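Participant: Below is one structure. I have some questions about it.
The values are calculated or read from the model by the stated rules, or taken from the named source; none is laboratory data. All values derive from a computational prediction rather than experimental measurement. For neighbour counting, all protein chains shown are included, and Cβ atoms are generated from backbone atoms with ideal geometry for every residue, glycine included. Surface accessibility is based on the protein's heavy atoms, side chains included, excluding ligands, DNA and RNA. Shrake-Rupley method; radii C 1.70, N 1.55, O 1.52, S 1.80 Å.
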Amino acid sequence: MKRVLILLALLLPLGAAAQGLSMPAVSSVANASGGQEYSVSLQLLAVMTALTLLPALLLGMTAFTRIMIVLSILRQALGTGQTPSNQVLLTLGLFLSLFVMYPVGEIAYREAVQPYIAEEIPFQQAIEKGAAPFREFMLRQTREEDIARFGEIAGYQGFDKPEDVPFSILMASFLTSELKTAFQIGFLLFIPFVVIDLVVASVLMSMGMMMLSPMMISLPFKIMLFVLVDGWGLIMGSLAASFYQ
């Protein structure tokens, strides 16, 4: 009994201290513009929830989709199986996407994150300012016919200016345009390697070596050609430059 009383006596001050340090989970105050501004704890909860959508945002708002599709098609065109591995391709795609998106992220950080940390703008305005450079990047890479197609599906008659395009329509149109562009680049990459396969297969057929796999003979020639023309440098440079044209 004495041990229980001693334990309760030790826990009571801790409980009182925790109550004194607690902060309200949800609170809102009216700002100067007449809207509602929520507490920092609720804003942090919204940010942590948004982090769970980070993979979807990486695919839907950055250069990552085009880069990964082109690299995967390149590996298939070379015929090297799982070399480079998926981890290597993923790392290449992430760092090249970081290189392409760095100017966009720098603008978002300077115009949205820094003023919000300095408490110069509210949370809602920071979200709008942070999304603006990504929206501009996506509009530059999106075809007008894709925006018109998804706008028609959503019931819109048309858009007078790019700022009128809703973000949901822009994301769907951007992904469609990125897939189309990535497969166009992949088609151009496939052509020289297909030519090498055809030449090797024709030579083997003319020599009567029909039991020998053409892929096994053409693979060293494709790798040699790719290395001699500095293939990785050309692919990385061309992919990065395709977002600035």
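Participant: Taking square-rooted eigenvalues a ≥ b ≥ c of the alpha carbon gyration tensor, is the stretch 132-245 rounded, prolate or oblate, where a/c under 1.5 means rounded and, failing that, a/b exceeding b/c means prolate? Mind showing how you got there, number by number?
Facilitator: On the way: a/c = 5.37, a/b = 2.60, b/c = 2.07.
Since a/c reaches 1.5 and a/b is larger than b/c, the shape of the stretch 132-245 is classed as prolate.
Participant: Amide H to amide H under 5 Å from ARG143: which residues, 5+ apart in sequence or cross-chain, H placed 1.01 Å off N in plane?
Facilitator: SER177
Participant: May I pose another question? Need the list of aspartates and glutamates near LYS222 for cross-linking: C-alpha distance under 20 angstrom, and skip anything on the same chain fewer than eight residues off.
Facilitator: Partners found: ASP197, ASP230.
Participant: Cα gyration tensor of the stretch 66-209, axes a ≥ b ≥ c as square roots of the eigenvalues: rounded (a/c below 1.5), prolate (a/b > b/c) or oblate? Please report the intermediate quantities before stating the final value.
Facilitator: Details: a/c = 4.48, a/b = 1.94, b/c = 2.31.
It comes out oblate by the Cα gyration axes.
Participant: Still on this structure: Quick one: pull the percent of accessible area on the stretch 86-245 belonging to carbon and sulfur, 1.4 Å probe, ligands and nucleic acids left out. Please report the intermediate quantities before stating the final value.
Facilitator: Numbers: 7060 of 10280 Å².
In the stretch 86-245, the share of accessible area belonging to carbon and sulfur is 69 percent.
Participant: Where only protein heavy atoms count, and the probe is 1.4 Å, what is the accessible area per residue for the stretch 133-245 in Å²? It would help to have the intermediate numbers written out before the result.
Facilitator: Numbers: 7150 Å² over 113 residues.
About 63 Å² of surface per residue is accessible.
Participant: About the Cα centre of the stretch 94-167, what is the dipole size in debye to 20, counting +1 per Lys and Arg Cβ and -1 per Asp and Glu Cβ, all else neutral?
Facilitator: Numbers: 7 positive and 13 negative charges, 43 e Å.
The calculated dipole for the stretch 94-167 is roughly 200 debye.
Participant: May I pose another question? Return the long-range amide H neighbours of PHE159 (sequence gap of 5 or more, or a different chain), with a cut-off of under 5 Å between placed amide H atoms.
Facilitator: none
Participant: Cross-link partners among aspartates and glutamates for LYS161, C-alpha distance below 12 Å, same-chain residues fewer than 8 apart left out?
Facilitator: List returned: GLU144.
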